[in-house]
Structure formats: C-alpha cells, structure tokens
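Structure record follows, encoded as structure tokens.
Please treat every number below as a calculation from the coordinates, not as lab data. Predicted model only: the values in this text are computed from it and were never measured. In this analysis, Cβ positions are derived from the backbone assuming ideal geometry, glycine residues included, and neighbour counts consider all displayed protein chains.
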Amino acid sequence: KDFSGVEAGDVVILPAFGASVDEMKLMDERGANIVDTTCPWVSKVWNAVGRHEKKNFTSVVHGKWQHEETIATASFAGTYLIVKNEDEAQYVIDYMHNGGDKAEFLEKFKNAMSEGFDPD
C-alpha cells in the first residue's frame, strides 16, 4: 500500500475489515482525519486479541494470512499463528499433543506467524 499521498487534513476512511495498527498510526501521524467504519464484530475480535497480548498468550487466528482482515487482526496480537482451515488447525493440535518436526512446522506456517514464533 502506498500512503505517501496522505497529508494533514485528508479524510481517510478505514474499511469495514479495518486496518493494521501500523497503518492507523501512520494516518494519525500524518494528521489525517480518520473515519473508522470497522465492523463492530471485527473490533470485538481485536479487543479479544489485545487482551491475549496483555496476558502474553498466543492468539490463533482463523483466516488467510494475506487477507486484509487477518493482517489487521494479527497486528493487535503479540504472538500469533494464523490457520486457514480445519486441516491446519488439526495439524497444530497434533503438534501440540504429540510434538513433531519443528522445521516442518515453521516452514508450513512461515507467512502465518508472528516474528520469532516458537511452536514448542
């Protein structure tokens, strides 16, 4: 995304799926007038993820790692893992219960986890 054209006083409308924490900070720093149309259900998830972050919990987010809503949700988490579907969720459960190949796990979720995520 290119926000280089946003200047003080510009009106920026946040979409229903929200924006990442960094994007919102950038708009604020540039002095933009933000109109937040984030869906209340999305905000509710963000609040839950924020509570997890404060307790040093890992948030498991259901979604596609490259999807805007998932990116925004993950930005509110400290430690997170994004699972796309039931098969990926089961993979994580199996790893948690039985252990597994850490390198394989990290490769499988390389784009879908917070920096420094350790499945062990």
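If the chain linking Ile93 and Lys108 were pulled fully straight, counting 0.36 nm for each residue of separation and taking away their Cα-Cα distance, it would gain 4.0 nm.
Note on Asp10 and Gln66: with the Förster distance fixed at 30 Å, the Cβ-Cβ geometry gives a FRET efficiency of about 0.65.
Take the Cα of Asp101, step 7 Å toward its Cβ, do the same at Glu29, and the gap between the two points is 4.1 nm. What percent of all Cα-Cα pairs in region 67-120 falls in each 10 Å bin, counting up from 0? It works out to 23, 56, 20, 1, in whole percents.
In plain terms, the chain from Phe17 to Trp41 could stretch by 7.7 nm, reckoned as 0.36 nm per residue minus the Cα-Cα distance. Each residue of region 27-42 was assigned a 3J(HN,Hα) from its phi angle through the Karplus expression (A = 6.51, B = -1.76, C = 1.60, θ = phi - 60°), giving 4, 5, 4, 7, x, 6, 8, 8, 10, 8, 9, 4, 4, x, 5, 5 Hz with x at Gly and Pro. Quick one: longest stretch of the chain between exposed loop chymotrypsin sites (Phe, Trp or Tyr not before Pro), exposed meaning at most 16 other C-beta atoms within 10 Å and loop per DSSP? Here the longest run is 58-116.
Taking amide H atoms as placed 1.01 Å from N in the peptide plane, the amide H of Asp36 lies under 5 Å from those of Leu14, each 5 or more residues away in sequence or on another chain. Return a whole-number percent for the relative contact order of the chain, with Cα pairs under 8 Å and 6 or more residues apart as the contact set. Relative CO of the chain lands at 21 percent. Loop exposure criterion: trypsin sites (Lys or Arg not before Pro), DSSP state outside H, G, I, E and B, at most 10 other Cβ atoms within 10 Å. Applied to the chain, the longest stretch between such sites is 56-109. Grouping the Cα pair distances of region 1-86 into 10 Å bins from zero gives a pair-distance distribution of 18, 45, 29, 8, 0 percent in increasing distance order.
The spacing between region 6-37 and region 74-120, judged by their C-alpha centroids, is 31 Å. Across region 53-120, the mean sequence separation of Cα contacts (distance under 8 Å, 6 or more residues apart), normalised by length, yields a relative contact order of 33 percent.
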